[in-house]
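The values are calculated or read from the model by the stated rules, or taken from the named source; none is laboratory data. Values in this document were obtained by computation on a predicted structure and should not be read as measured data. Here the Cβ positions follow ideal geometry from the backbone for every residue, glycine too, while neighbour counts run over all protein chains shown. These accessible areas exclude ligands, DNA and RNA; they are computed on the full protein's heavy atoms, side chains included. Shrake-Rupley method; radii C 1.70, N 1.55, O 1.52, S 1.80 Å.
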Amino acid sequence: MFSVYHLANPMIEASYHFPRGFLWGAATASHQVEGNNANNQWWRWEQEGRTDGASGLAADWWGGRWREDFDRAAEAHMNAQRISVEWSRIQPEPDKWDEDALEKYRAMLRGLHERGMTAMVTLHHFTDPLWLTERGAWETEAVIPLFERFVRKTVDALKEYCTLWCTINEPNVYALMGYVEGAFPPGRHDLRLAMRVQVTMLRAHAAAYRLIHEIQKEARVGYALHFRPAVARSRSPLDAMARRIRYNGVNLAFPSGISAGVMRMPTGSVRVPEAKGTQDYLGLNYYSVDTVSFDIRAPRQLFMHSGYADDADLSPTKYLANTPEGFFASFKWAERTYPGTPIIVTENGIEAEDDVIRPRYIAQHVHQMWHAVNFNWPIKAYFHWTLVDNFEWERGWTQRFGLWALDPATQKRTKRRSADLYAEICQENGLSSEMVRKYCPEVFDAIFPPGPPVT
Ligand code: BGC
């Protein structure tokens, strides 16, 4: 589907540069890299055999291997990293704080600082302490003061090394996967409950936003939204309706709550006035564009089927498609929804054990981001998902998103070519035609169009 390597004018070099101070890094989440995170609901879900393999040692960050991985990131010229902290470690029981766990996170953040990298810390990334699960987790508003206590304790302990905070990662994914599709714990199929969970999460986010600003004046606080553009599979009105329902259902709850203080959801609107304006940046997790059709056989999915275009450039397990134009569309949506609000790409990446699709995925997405930057949309940072292969939730170890490959049995890391490409991008603060020619010549013409012939 790609044109042949462009040889017409091999001497002409071009590059797409980013503004000075742009942050380049990778993103990780505690449960996916730390290992032996035995005190949360995901570990239990894994022990019940609900995932494709268990997290086990993961990337063994809790055993100290974050050091060597941060070295890798620094050697790859990254100047930032997004990590998350594990609530179940910091507060193993409702009335018990683990100061040693906090000290370990302080050491990690110090480690970033020493390597010249800006830290971004996520306070909740899918995992809940078991004691919270037993109390209904995010299904009731009782979680809000509990989350506040945890945030206060954690931010107080880590504020010396971090000013960039992400309260909650992908509340939409947590709620829809756990309470509609049922592939995440608690494995429910209850749309109303899914919406209630999101309302509770938004209230907790708003409370955390204020609290963090109280503790740290210079803090920048937001959350990470999984934004998923969607197109209808055909021109049929049923497909168009299915697309609209899915698009709105996935994308709009938190964003409308934050822009208007009213959450727009498929089950109706809910007023959450305290959430209005509670973001200093929009955290954008972008992976792919969905192609949606109406499906009478899918009542659990609300009669929608979501897949990819027939000619899509798919990842090896077909979990994701390489749709860089959707990245640009996401920035456009973000800028329209929140004019002038800084945008941080909190995640973007693709699974590919063989690393064939990843170089072009990276190059094409960075190109689209450059395009968006040139509209003067305030994009400040890009965090690639992810540094080293990690535990991918219900998909376990079947998908590999790392710039470095990991053998979880031996903990051996092996650099993929994509890591070299990304290192060059970080070092250059941009993408050059040389890089594209070297790592993904198959998309050269798409990124550096040859233009009309010169006579
Ligand atoms: C999540 C990550 C996950 C990634 C790739 C995102 O939705 O935030 O935790 O690993 O997708 O599956």
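Per-residue SASA remark: Thr323, around 20 Å² accessible (1.4 Å probe; ligands, DNA and RNA not included). Pairs from the list Lys217/Lys276; Lys159/Lys217; Lys104/Lys153; Lys380/Lys438; Lys217/Lys332; Lys159/Lys332 with a Cα-Cα gap above 21 Å: Lys380/Lys438; Lys217/Lys332; Lys159/Lys332.
Using the 1.4 Å probe convention, the accessible area of region 118-168 works out to 31 Å² per residue with neighbouring protein chains retained.
When all protein chains stay in place and ligands, DNA and RNA are ignored, the 1.4 Å accessible-area order of Thr200, Thr341, largest first, is Thr341, Thr200. Using a cutoff of 8 angstrom between alpha carbon atoms and counting only pairs six or more residues apart, the relative contact order for region 88-143 works out to 34 percent. On average, how much accessible surface per residue is there in region 349-455, in Å², for a 1.4 Å probe, leaving out ligands, DNA and RNA? For region 349-455, the per-residue accessible area is 36 Å². Accessible surface area normalised per residue over region 192-273 is 42 Å², counting heavy atoms of protein chains with a 1.4 Å rolling probe. Spin-label model, Gln47 to Asp71: label points 7 Å out along the Cα-to-beta-carbon direction sit 3.5 nm apart.
Note on region 251-314: percent of Cα-Cα distances in each 5 Å bin, starting at 0 and stopping at the bin with the largest distance, equals 4, 15, 15, 15, 17, 15, 12, 6, 1. Take every pair of alpha-carbon atoms less than 8 Å apart whose residues are at least six positions apart; their mean separation over the length of the chain yields a relative contact order of 19 percent. For region 390-455, the average shadow cast by the Cα convex hull is 6.7 nm², which is a quarter of the hull's surface. Only protein atoms count toward the accessible area here, which uses a 1.4 Å probe; on the chain, the carbon and sulfur part of that area reaches 52 percent.
Remark: the chain carries a charge dipole of roughly 1120 debye about the Cα centre, counting +1 on each Lys and Arg Cβ and -1 on each Asp and Glu Cβ. Counting every pair of alpha carbons in region 306-425, the share spaced more than 20 Å apart comes to 47 percent.
Summed over qualifying helices (DSSP H, 4 residues or more, each -39500 (n - 2.57)) and divided by its residue number, the chain shows a 222 nm mean residue ellipticity of -11000 deg cm²/dmol.
Rounded to the nearest Å, what's the spacing between the alpha carbon centres of region 385-455 and region 104-170? Just the number, please. Cα centroid to Cα centroid, the span is 29 Å. Computed over the Cα atoms of the chain, the ratio of the radius of gyration to the Kirkwood radius (Rg/Rh) comes to 0.95. Treating r as the C-beta distance of Asn248 and Arg395 and R0 as 35 Å, the FRET efficiency rounds to 0.85.
Given an 8 Å cut-off on Cα distances and at least 6 residues of separation, report the relative contact order of region 263-349 as a percent.
36
Highest mean packing comes first when the peptides 178-190, 358-370, 70-82 are listed by Cβ atoms within 10 Å, giving 358-370, 70-82, 178-190. Computed from the C-beta positions of Gln411 and Val356 and an R0 of 35 Å, the FRET efficiency is 0.90 to the nearest 0.05. Its Kirkwood hydrodynamic radius, worked out from the mean inverse distance over all distinct Cα pairs, puts region 66-173 at 14.7 Å.
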